[in-house]
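In what follows, a single structure is set out as structure tokens and then discussed.
The values are calculated or read from the model by the stated rules, or taken from the named source; none is laboratory data. What you see is a predicted model; the values in this text were computed from it and never measured. Cβ coordinates were reconstructed from backbone atoms using ideal geometry, including for glycine residues, and neighbour counts include every protein chain displayed.
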Amino acid sequence: MNTGVSHQIVDTILQDLDFPKLYRSYTWKEDTWKRGFPDLFRLEQEISLAARKRSIKREHLIDIAKWGGLRNTKRISCPGSIRINLYNRGLPAAWLMKDPARAIDLLDIQVIGFGPTYSSKVLHFAVPQVFGALDTRLVRTFGKGDEPSRRYPLLNLKVTRVGPSWAINTNQPGWPEEFGTWTSALHQMAESLQENGIKCPHPRKFVKAGLREEGVWLPADVGTALFSYASKEIGKT
């Protein structure tokens, strides 16, 4: 696992932010906590099952792209099934923890039409025990650049303008290695929240379906809370 995480910044984030409140306030299209995050639930069920069977296909990528609002879904393509070993005997493959950047690279090689944001979303839904998504809102808030709020400079990454949108440029120094930094930070935060008895308020159906243990934070849950925070910060600008 990448060790370039600033423990001081991680500790400050944990002290400053109310993670259960941020998790409950997450909103994206039809997804709200009161509704049980229906799209997050469906996508995680489908993509994680496909990942266990090594059968993530174009149809899954299209589903993620439409949910995320990717404009041009017609150009998305991949081999019949993406060749990436994400699970071993039902558990996340050990190499994922050691080299998160390689997981991004393997997707990048095989998938046309996805950049860093959507490759990370695939990993978020496929292996929530290991990964959380990293999109432009999160990089604008926790990376570097010209945004006015730079309280938590966790990542050595920045976003660039592409027409009316933002993008994470894959040619910048630090990519994809900083995805490892992000993954490590999410794990540290999840572990600290557990150690301090701060429980994740998962919608009940996540627990009933076996996707979560009662109150236990996964890196994907921490990422969901941080996305909520980033959305609020960007909304202020």
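Within 18 Å of LEU218 (Cβ to Cβ), of a type in the set (Gly, Ala, Ser) and at pLDDT 95 or above: which single residue out of SER55, SER77, SER48, SER81 fits that description?
Details: SER55 fails: within 18 Å of LEU218 (Cβ to Cβ); SER77 fails: within 18 Å of LEU218 (Cβ to Cβ); SER81 fails: within 18 Å of LEU218 (Cβ to Cβ).
Checking each option against the conditions leaves just SER48.
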Of everything in the range 128-181 that's part of a strand (DSSP E or B) and over 23 Å from TYR26 (Cβ atoms), which residue is modelled with the lowest pLDDT?
VAL162
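When the residues of the range 188-209 are filtered to those that are part of a loop (DSSP other than H, G, I, E, B) and within 15 Å of GLY36 (Cβ to Cβ), which remaining residue is nearest to the chain's Cα centre (by Cα)?
Selected residue: HIS202.
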Matching entry among PRO116, PRO128, PRO92, PRO100 (being of a type outside the set (Gly, Ala, Ser), under 18 Å from the mean Cα position of the chain (by Cα), crowded, with 17+ Cβ neighbours inside 10 Å and under 23 Å from PRO164 (Cα atoms)):
PRO116
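Every residue, every condition in (1) exposed (fewer than 14 other Cβ atoms within 10 Å of the Cβ); (2) in contact (Cβ under 8 Å) with a residue 60 or more places away in the chain, yes or no:
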residue: THR170; (1), (2): yes, yes
residue: LEU186; (1), (2): no, no
residue: LEU193; (1), (2): no, yes
residue: GLY197; (1), (2): yes, no
residue: ALA220; (1), (2): no, yes
